[in-house]
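S.K.: Here it is: the structure, laid out below.
The values are calculated or read from the model by the stated rules, or taken from the named source; none is laboratory data. On a predicted model such as this, the values are computed, not experimentally measured, just so you know. Here the Cβ positions follow ideal geometry from the backbone for every residue, glycine too, while neighbour counts run over all protein chains shown. Accessible surface areas use protein heavy atoms only, side chains included; no ligands, DNA or RNA. Shrake-Rupley method; radii C 1.70, N 1.55, O 1.52, S 1.80 Å.
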Amino acid sequence: MHAIEFDRNGYYANGKPLYLNSGEFHYFRVPKRDWRRRMELLKAAGGNAVATYVPWLLHEPSEGEFVFGSEDGVPDLEDFLKTAHDCGLYVIARPGPYQYSELKYAGLPAWLCEGYPALLARRPDGAPIHGMSVSYLHPLFLEKARAWYATVCPILAKYTVSRGGPIAFTQFDNELTGLHLWFSGPDYNAEAMGIGREGGRYPRFLERRYGDVAALNAAYGTSADRFEAVSPVDEAGGGLAAVRRRKDYFDFYCETVADYAETLCAWMREFGIDTPFVHNAANPDMNPIFLETVRRLGDGFLLGSDHYYNLNQAWKQNNPTPQYAIRTFVSNETLRALGFPPTVFELPAGSLSDWPPITPEDLSACYLTNLAFGMKGHNYYVFTGGPNPPGAGVTTDVYDYGAPIGPNNEVRAGYGALRDVGELLERHSWLAVAERATDCRFALDFDHARAKYYWSGAPSDAGFTDDDAWSFLLRGPLATAFCAGYAPSLFDLEDDRWIEDTSTPVFVATSISMSRRKQENLIAFVQAGGKVVLAPIVPTLDERLAPCGKLADFLGGPEQRKHEGIHLRATVAGVENVTAERAYPTTRLPAGVETIGAEELTGLPLAWERRCDGGGAVIVVGLDWMHGIREHERMMSALFDRVGGKRSVESANPNVWASLLRHEERSLLFAMNLYSAPMRTRIALRAEDGSAAFDSGELLLPPMTVRVLTV
């Protein structure tokens, strides 16, 4: 088997494009007699890989007692790897330390969590976050985890692709930060984080960030005499200083996650594993948490995400919806912006709960929506289940998961959805390296994307915050763009490589803060002839909430304030009756700008345009809206028309979204109806000169259907 390589466009084996089509297959839950039979069923559905956890709690049931092979009824890991190889399947090995997977203590040994309470992650008040939430960098946990790695990694190393085996990727830990953030927040274990300790991690971080204590005191409003005396928690609370302190600690926490990941990868290398390393963010919202990890690990690391839509009735949706599609789009685009082929390491093939049900129609819509938005690899979770090891599971005795292949080898209806995707990928193998056709770009600001973890509790007069801006982007401009028939992409605002391309307009959802570098990038883009639509405010602070008006000065020093009226309605770019959640009229207009929008009831200017030398332009729109009416779509179209935007894909029905994938001379069009009613539409493709390139004719899409058309 050939090693698998990757770049942001896709996967490759022996120099040829490869779509990574994997299924989660737990050797410790599927009887050995059924391994080969079920692997062949996976291959028949287009699979080329299996993924499996290697649970620490099973293989070290008592401290220092490691059990592998078939001893004491523990399934044979090596035989499983040999069987996968014989079946021609790659393996994604997931040895933890955590597995989750509805195992006790999320896969950690009971003796570890019960016997060593000091290593548990802590809340700010010192109480444990949860009985199975460990502090990753606690010396005691690292000692025990290293002993586990020293035992399991040499076994896995014998079966890597370079040694003639099937293991193509090895995952370090599972859904990092989940067992902290889901239950409480970042880990505050004083020993692990070095809080208040001379030379500790946290004081060292503060020193790197601020340089001297005086600068920190000015930022926090404190009077500390040394970094070790600084608490991560502002007991007084309130004000931007408290937000600044929480943001610093969250940035620090993300750095410690990178420290932990780097430690695990170094151990894997030390113990012989030579594959690329992978990790799965637990959901799209958590992708940005691993920015520091991505930068730290560099080449040889691949970040993916998990894209569930229904695990129980508490989920916001129980089938793929337009809201799910937007989150999927943002997740795939975020991974691509980070330099990876968009990969979903846990793509639902069933559900933890029997109700609400997962249906074949749901699954098909989910898979095709992910493909439409650029997915280049996936791992079905789970492809097949079976009996939990005695005493190891926390759900039922049988880990069924409603999987496509049941615990008694029964082939269920959901299998057809997997098979259909496999056949599509086989017929159009070029999809492995296809690109989406796009006609506009939206800025991705990582400070906004993870702001919810530290902006909560901000003062009411803080203004339009980073968290506000992220929420606005998803529920406002992006939703509007899709409904208006645009094909957006995302780009990292801090990465200046995007500046060179001035061919399509850029939309930037803004807050009160934006780093100096990002402000400078926007200015450079406009000076190069680029066109920008910016909403709802011009930032005046940097990412640390210190004054920074670089962009405001470039635009002529506008001044805005929040509209305090009870009622709000606007006219923007000739479109009347535009509703919004909040408005930020410009009380001081810069000289030389053209007013293109106003609040209808007061007449206050809400939108204006500055044209710049070299052909660049900036439109400022002081509206925060949640997409919901046709006027939003007409406003978006009018704004992009002003800055030379052109649609590449047009759907006559705003409720049917379209995505075009192409590679060289080949193209596929995905038409998405993610509603419970049938929808009719007509989709047209436009060439670069605006001429008609394709017309679908009238399409009737049944409920919860993604139609794939050859163009």
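S.K.: If a residue has to be under 21 Å from ASN370 (Cβ atoms) and either in a strand (DSSP E or B) or in contact with a helix residue (DSSP H, G or I) (Cβ under 7 Å, 6 or more places away or on another chain) (or both) to count, how many in the stretch 658-680 make the cut? Working first, answer last.
M.R.: Narrowing the stretch 658-680 to residues under 21 Å from ASN370 (Cβ atoms): 658-663, 666-676, 679.
Retained after the next criterion (residues that are either in a strand (DSSP E or B) or in contact with a helix residue (DSSP H, G or I) (Cβ under 7 Å, 6 or more places away or on another chain) (or both)): 658-663, 666-674, 679.
Within the stretch 658-680, residues that are under 21 Å from ASN370 (Cβ atoms) and either in a strand (DSSP E or B) or in contact with a helix residue (DSSP H, G or I) (Cβ under 7 Å, 6 or more places away or on another chain) (or both) number 16.
S.K.: Counting just the residues of the stretch 614-638 that are part of a helix (DSSP H, G or I) and open to solvent by 10 Å² or more (accessible area, probe 1.4 Å), which one comes out modelled with the lowest pLDDT?
M.R.: Step one: of the stretch 614-638, the residues part of a helix (DSSP H, G or I) are 614-615, 630-638.
Narrowing the set further to residues that are open to solvent by 10 Å² or more (accessible area, probe 1.4 Å) leaves 614-615, 630-631, 633-634, 637-638.
Values: GLY614: 91, GLY615: 94, ARG630: 97, GLU631: 98, GLU633: 98, ARG634: 98, SER637: 98, ALA638: 98.
Across the stretch 614-638, the extreme among qualifying residues is GLY614.
S.K.: Any chance the stretch 647-656 includes a residue that's out of contact with any Lys or Arg (no Cβ under 7 Å at 6 or more places or on another chain), surrounded by fewer than 18 Cβ atoms within 10 Å (Cβ to Cβ) and without any contact (Cβ under 8 Å) to a residue 12 or more places away in the chain?
M.R.: The answer is no, given that none of the residues of the stretch 647-656 is out of contact with any Lys or Arg (no Cβ under 7 Å at 6 or more places or on another chain), surrounded by fewer than 18 Cβ atoms within 10 Å (Cβ to Cβ) and without any contact (Cβ under 8 Å) to a residue 12 or more places away in the chain.
S.K.: Give the stretch 553-579 a look and list any residue that's surrounded by 15 or more Cβ atoms within 10 Å (Cβ to Cβ), in contact with a helix residue (DSSP H, G or I) (Cβ under 7 Å, 6 or more places away or on another chain) and not in a loop (DSSP other than H, G, I, E, B), or say none.
M.R.: PHE554, VAL572, VAL575, VAL578
S.K.: Restricting attention to the stretch 349-369, report how many residues are farther than 18 Å from TYR675 by Cβ, in contact with a Leu (Cβ under 7 Å, 6 or more places away or on another chain) and not hydroxyl-bearing (Ser, Thr, Tyr).
M.R.: Looking only at that region, the number is 2.
S.K.: For the stretch 530-545, what are the residues that are of a type in the set (A, V, I, L, M, F, W, C) and at pLDDT below 95? Show your work before the answer.
M.R.: So in the stretch 530-545, the residues of a type in the set (A, V, I, L, M, F, W, C) come out as 532-535, 537-538, 541, 545.
Of everything in the stretch 530-545, just one residue is of a type in the set (A, V, I, L, M, F, W, C) and at pLDDT below 95, namely LEU545.
S.K.: From the list PRO284, PRO322, exactly one residue is at pLDDT 95 or above and either of a type in the set (Ser, Thr, Tyr) or under 10 Å from the mean Cα position of the chain (by Cα) (or both). Which is it? Give the steps one after another, and end with the answer.
M.R.: On the way: PRO322 fails: either of a type in the set (Ser, Thr, Tyr) or under 10 Å from the mean Cα position of the chain (by Cα) (or both).
That would be PRO284, the only listed residue that is at pLDDT 95 or above and either of a type in the set (Ser, Thr, Tyr) or under 10 Å from the mean Cα position of the chain (by Cα) (or both).
S.K.: If you don't mind, there's one more thing I want to ask. In the stretch 233-250, how many are touching a Lys or Arg at 6+ places or on another chain (Cβ under 8 Å) and open to solvent by 10 Å² or more (accessible area, probe 1.4 Å)?
M.R.: Residues in the stretch 233-250 being touching a Lys or Arg at 6+ places or on another chain (Cβ under 8 Å) and open to solvent by 10 Å² or more (accessible area, probe 1.4 Å): 4 in total.
S.K.: Here is a further query. Any residue at all in the stretch 538-554 that's acidic (Asp, Glu) and within 20 Å of THR586 (Cα to Cα)? If you could, list the steps in order and put the result at the bottom.
M.R.: So in the stretch 538-554, the residues acidic (Asp, Glu) come out as 542-543, 553.
Okay, now just the ones that are also within 20 Å of THR586 (Cα to Cα), so 553.
Yes, because at least one residue in the stretch 538-554 is acidic (Asp, Glu) and within 20 Å of THR586 (Cα to Cα).
S.K.: Right, GLY23: part of a strand (DSSP E or B) and buried (at least 22 other Cβ atoms within 10 Å of the Cβ) or not?
M.R.: Yes; evaluated as a whole, the condition is true for this residue.
S.K.: Also: Determine if the stretch 508-527 includes at least one residue that is open to solvent by less than 10 Å² (accessible area, probe 1.4 Å), in a helix (DSSP H, G or I) and aromatic (Phe, Trp, Tyr).
M.R.: Yes, the stretch 508-527 contains a residue that is open to solvent by less than 10 Å² (accessible area, probe 1.4 Å), in a helix (DSSP H, G or I) and aromatic (Phe, Trp, Tyr).
S.K.: Condition (residue is outside any loop (DSSP other than H, G, I, E, B), modelled with pLDDT of 95 or more and basic (Lys, Arg)) applied to the stretch 375-393: is it met by at least one residue?
M.R.: no
S.K.: Count, please, the residues in the stretch 395-454 that happen to be among the hydrophobic types (A, V, I, L, M, F, W, C) and more than 27 Å from the chain's Cα centre (by Cα).
M.R.: Number satisfying all stated conditions: 4.
S.K.: Here's something else I'd like to know. Every residue in the stretch 233-288 that is on the phi > 0 side of the Ramachandran plot, in a loop (DSSP other than H, G, I, E, B) and in contact with a Pro (Cβ under 9 Å, 6 or more places away or on another chain), please.
M.R.: The answer is GLY238, GLY272.
S.K.: Among the residues of the stretch 64-76, is any open to solvent by 10 Å² or more (accessible area, probe 1.4 Å), β-branched (Val, Ile, Thr) and either at pLDDT 95 or above or at positive phi (or both)? Please lay out each step first, then the result.
M.R.: First pass over the stretch 64-76, keeping only residues open to solvent by 10 Å² or more (accessible area, probe 1.4 Å): 64-66, 68-76.
After this cut, where a residue has to be β-branched (Val, Ile, Thr) as well, the list is 74.
Now restrict to residues that are either at pLDDT 95 or above or at positive phi (or both): none.
No, every residue in the stretch 64-76 fails to be open to solvent by 10 Å² or more (accessible area, probe 1.4 Å), β-branched (Val, Ile, Thr) and either at pLDDT 95 or above or at positive phi (or both).
S.K.: Across the stretch 37-59, what is the total count of residues that are under 16 Å from ASN408 (Cβ atoms) and either open to solvent by 60 Å² or more (accessible area, probe 1.4 Å) or in a strand (DSSP E or B) (or both)?
M.R.: Restricting attention to the stretch 37-59, the residues satisfying the condition of being under 16 Å from ASN408 (Cβ atoms) are 37-38, 41.
Pick out the ones that are also either open to solvent by 60 Å² or more (accessible area, probe 1.4 Å) or in a strand (DSSP E or B) (or both) and you get 37.
Of the residues in that region, 1 qualify.
S.K.: State which residue is surrounded by the most Cβ atoms within 10 Å (Cβ to Cβ) when the search covers only the stretch 167-216 and only residues that are touching a His at 6+ places or on another chain (Cβ under 8 Å) and either among the basic types (Lys, Arg) or not in a loop (DSSP other than H, G, I, E, B) (or both).
M.R.: Across the stretch 167-216, the extreme among qualifying residues is ALA192.
S.K.: ASP397: touching a helix residue (DSSP H, G or I) at 6+ places or on another chain (Cβ under 6 Å) and among the acidic types (Asp, Glu), yes or no? Break it down stepwise before answering.
M.R.: Details: touching a helix residue (DSSP H, G or I) at 6+ places or on another chain (Cβ under 6 Å): no; among the acidic types (Asp, Glu): yes.
Considered against the rule, which asks whether it is touching a helix residue (DSSP H, G or I) at 6+ places or on another chain (Cβ under 6 Å) and among the acidic types (Asp, Glu), ASP397 comes out as no.
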